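What follows is a set of notes on a single structure, which appears directly below.
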Amino acid sequence: MYMVSSFNGLICCVNRVRVREANEFCDLKIWIVNPCTGETLLLPQGRPSFQFEPSVGVAYGSTDYKVFRIYCSGKKVPEEMVFERYDFREGQLDTVYRYTLAYECEVYSSITGVWENIGHVPCVPMYLHLSPFSCGHVFVGGKIYWLSSLDDEGAILSVDLEGRFEVIQLSLYEGDQKEEDMITEATYLINIQGCLSVVILHPEHMDVWIRKGSGENVSWILLCQDTTPVGDNDMVLAMTCLENKIICVTEEKWCCYNIDTRRWKRTNHGGLVNHPTVYPFTESFLPCIVCTQCFILCLI
C-alpha cells in the first residue's frame, strides 16, 4: 500500500490490482483513511485500465472530497489524418488516420459514493520512475496538478473540482540556457504557502519557482536559488513543503530547507523504508464517508 495524498486529516492510499489475464488490464484499490479516528473506506473499483497504470489525484473541500482517476479505456481514436488513398472496390477516396488510445477520467465523490466518467483528458500525468502509481500530484487552491511532460519547456496538467482540465506550460527558463541549467528529471511539484510551486534540482544547486497572480496575470517567479546537500548519486524519493520549510527524502536521509533563513538541516534515516513518502498532516475528525442527509439538513 502506498500513500498518495494528505489533507485536513484524511489520507489516501492505493495498491495495485490485476483484473484480467495476460496483464492487459490493471486497476488500483483506493483507500481513504482518517488515522485519528481509525476509520477506513475502500472505494468501489473503477473501470479497468488498458496497459496503463491509473493516475490518482485527490481534491479536498471543507467537508467532502473528490478522487480523480485517469485511466486508458482501450478505445482507439483518430489522432490525425495520415493520407488519402483510392479504394478501387468502392470507387472512392478513403482517408487513412493514425490512431491513438483514449485516456479518460472518472471522479469519485464522497457525497454520492459512486464513480462518474467525465470524458477525455488533454494529456496524461507522466510516469515517475521513483514514485509508484504515477502519483506525484499536488492539491493547491482547489485544483489538482500533475507533471505531464519534461520535454522542452515542460507541462503541467491541472483539474478543478468541477472537472475542468487545463494544460499549463512551464516556461521557466530562457532558450539560451545550458541544458543542465534548465528543467531536469529531478523536478517536483509542491505547495508553498498556498501557491503552486516547482522545485528543480540541478547538479550543484536547486531552483524554486512559485506561481502567483490570477487570470491573465499569472506568472512564474523565481523564489530562490541555492546549493543543496543532495549529491549527484542521491535519489530524491519524495518532496513536500510545510509552512516555510521544503522537505525532501532521499534513500539515506531527510533534508529540510528553511526558505526564510536559506539553511539546510539533514538527518540520516538509514534507508529502512521502501518507497518513502512525506506529506504535511493535520489531525481532524472528518469522516471518510460523507452523509448526504447532513448536507440536506444544513441547506434547509
*Which listed residue is touching a helix residue (DSSP H, G or I) at 6+ places or on another chain (Cβ under 7 Å), part of a strand (DSSP E or B), under 15 Å from CYS12 (Cβ atoms) and at pLDDT 80 or above, from VAL107, VAL138, VAL56, VAL67*: VAL56
*Exactly one condition in (1) of a type in the set (A, V, I, L, M, F, W, C); (2) in a strand (DSSP E or B); (3) surrounded by 13 or more Cβ atoms within 10 Å (Cβ to Cβ) is not met by LEU222; state its number.*
(3)
*Neighbours by Cβ (under 6 Å, 6+ apart or cross-chain): first from region 230-246, touching a residue at least 24 places away in the same chain (Cβ under 8 Å); second among the charged types (D, E, K, R)*: MET235/GLU251; ASN244/ASP260
*Pull up region 241-277, narrow it to residues that are out of contact with any Leu (no Cβ under 9 Å at 6 or more places or on another chain) and closer than 18 Å to ILE11 by Cα, then point me to the one that is surrounded by the fewest Cβ atoms within 10 Å (Cβ to Cβ).*
LEU242
*Selection from region 247-262 of residues that are touching a residue at least 12 places away in the same chain (Cβ under 8 Å), out of contact with any Pro (no Cβ under 7 Å at 6 or more places or on another chain) and hydrophobic (A, V, I, L, M, F, W, C)*: ILE247, CYS248, TRP254, ILE259
*Residues of region 9-36 being surrounded by 19 or more Cβ atoms within 10 Å (Cβ to Cβ), polar (S, T, N, Q) and at pLDDT below 85, which ones?*
none
*Take the residues of region 116-133 that are surrounded by 17 or more Cβ atoms within 10 Å (Cβ to Cβ) and at pLDDT 85 or above: which is nearest to the chain's Cα centre (by Cα)?*
PRO125
*Hey, among the residues in region 37-53 that are modelled with pLDDT of 90 or more and of a type in the set (A, V, I, L, M, F, W, C), which one's surrounded by the most Cβ atoms within 10 Å (Cβ to Cβ)?*
LEU43
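The values are calculated or read from the model by the stated rules, or taken from the named source; none is laboratory data. Just so we're clear, the structure is a prediction, and the values are computed from it rather than from any experiment. Here Cβ is always computed from backbone atoms with ideal geometry, including for glycine, and neighbour counts include all displayed protein chains.
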